[in-house]
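The values are calculated or read from the model by the stated rules, or taken from the named source; none is laboratory data. These numbers were taken from a predicted model, which means no experiment stands behind them. FYI the Cβ positions are ideal-geometry reconstructions off the backbone, even for glycines, and counts take in every protein chain you see.
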C-alpha cells in the first residue's frame, strides 16, 4: 500500500529536462496548489521541471527515513518531519534562503455562523475534522490549540481524524463534518467553506531542504530556493495566505 500511495500525489510535469534529471519533492498536502503553480512558473522561466508527491508531512518523512523513498527534496509542515530528516543525516548542506509559515482557522460549511471560542465546538456537539496528529503537523497544531483552550478531553468523541489537512477540509466541504480545523490558506482556496474563527498563535512553519546524497538533491534545492526568492513565486504563496520570510541567498539560488 505504501508503494502505491507514495506516487499518487499530484505531479507537476511538463516539457524540459529529461525524466532522469527531474527532482521529486515530497511536500505537505497543504502546499499542493501553490507548489504546482510555482512549478509552472519555474519551468516557464528556466525550462526545468519538478515533480511532487503530496501527503501528510510526518507520513512522508517516515517513508523517506524508514523506507528509503526516493525523494530529492522536501517541503514539510512542522518541526517533527524536519527533525526526522535532519537526524537521519539527509539534510542538504546548502541550506535554504527563507522560511514559509501558515496559520490555523476553524471552518464550517457555507452559511455556518461564526463562533467565539474553541469551547463553542464542544457546546455544538458537532463533528470536527482535523488532520491525524500522528500523520500531519496540522493535526498536532490543532490538538495543541484545543489543549490550550482546555477542551481536548471534552471534544475527543467529536473529532474525525483524516489523513492530512486537505482531507479535513474535504470532510467539511462534503458535509461529513460540521467543522474543521485547517490551515487558513486551505480555507481561503475553498469556495465551499466559511472561516468561522481564526486561532491566534496556532500553526507553524515549513521545513524545506534538498536531500543529501539524492541524485537530484541539488536540483531540488535550487527549486526550493527559487520559490522563496523570486517575486513571482513569492506572490503565489503570499496571495494564498502564506508568509515567506527571506533570510538571504542560498547556494543554488537564482543569482546566488
### Message
Being farther than 19 Å from residue 79 by Cα, part of a loop (DSSP other than H, G, I, E, B) and touching a helix residue (DSSP H, G or I) at 6+ places or on another chain (Cβ under 8 Å) is the filter here; which residues of segment 131-175 pass it?
### Response
149, 150, 151
### Query
Residues in segment 181-203 that are within 26 Å of residue 74 (Cα to Cα), assigned to a strand (DSSP E or B) and touching a helix residue (DSSP H, G or I) at 6+ places or on another chain (Cβ under 6 Å): how many?
5
### Query
Among 100, 106, which is modelled with pLDDT of 95 or more and either touching a helix residue (DSSP H, G or I) at 6+ places or on another chain (Cβ under 8 Å) or outside any loop (DSSP other than H, G, I, E, B) (or both)?
106
### Task
Please enumerate the residues belonging to segment 16-42 that are out of contact with any strand residue (DSSP E or B) (no Cβ under 8 Å at 6 or more places or on another chain) and part of a loop (DSSP other than H, G, I, E, B).
16, 17, 18
### Query
Among (1) at pLDDT below 95; (2) crowded, with 17+ Cβ neighbours inside 10 Å; (3) not assigned by TED's automatic domain parsing to the domain that holds residue 64, which single condition is residue 156 missing?
(2)
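Each row is one residue, and each column tells you yes or no for (1) over 22 Å from residue 61 (Cβ atoms); (2) crowded, with 20+ Cβ neighbours inside 10 Å; (3) modelled with pLDDT of 95 or more.
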| residue | (1), (2), (3) |
| --- | --- |
| 217 | no, yes, yes |
| 220 | no, yes, yes |
| 223 | no, yes, yes |
| 233 | yes, yes, yes |
| 239 | yes, no, no |
| 243 | yes, no, no |
| 253 | yes, yes, no |
| 256 | yes, no, no |
### Query
Given the residues 167, 212, 220, 240, which is the only one that is touching a residue at least 24 places away in the same chain (Cβ under 8 Å) and not assigned by TED's automatic domain parsing to the domain that holds residue 36?
167
### Task
Can you confirm whether segment 43-54 contains a residue that is outside any helix (DSSP H, G or I), surrounded by 24 or more Cβ atoms within 10 Å (Cβ to Cβ), in contact (Cβ under 8 Å) with a residue 12 or more places away in the chain and more than 16 Å from the chain's Cα centre (by Cα)?
yes
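Collect the residues in segment 56-71 that are crowded, with 24+ Cβ neighbours inside 10 Å and either in contact with a strand residue (DSSP E or B) (Cβ under 7 Å, 6 or more places away or on another chain) or assigned to a strand (DSSP E or B) (or both), keeping them in residue-number order. I'd like the intermediate steps shown before the answer.
Filtering segment 56-71 down to residues crowded, with 24+ Cβ neighbours inside 10 Å leaves 56-58, 60-61, 71.
56, 57, 60, 61, 71, listed by residue number.
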### Query
So which of 126, 173, 134, 154 is under 19 Å from residue 27 (Cα atoms) and more than 14 Å from the chain's Cα centre (by Cα)?
134
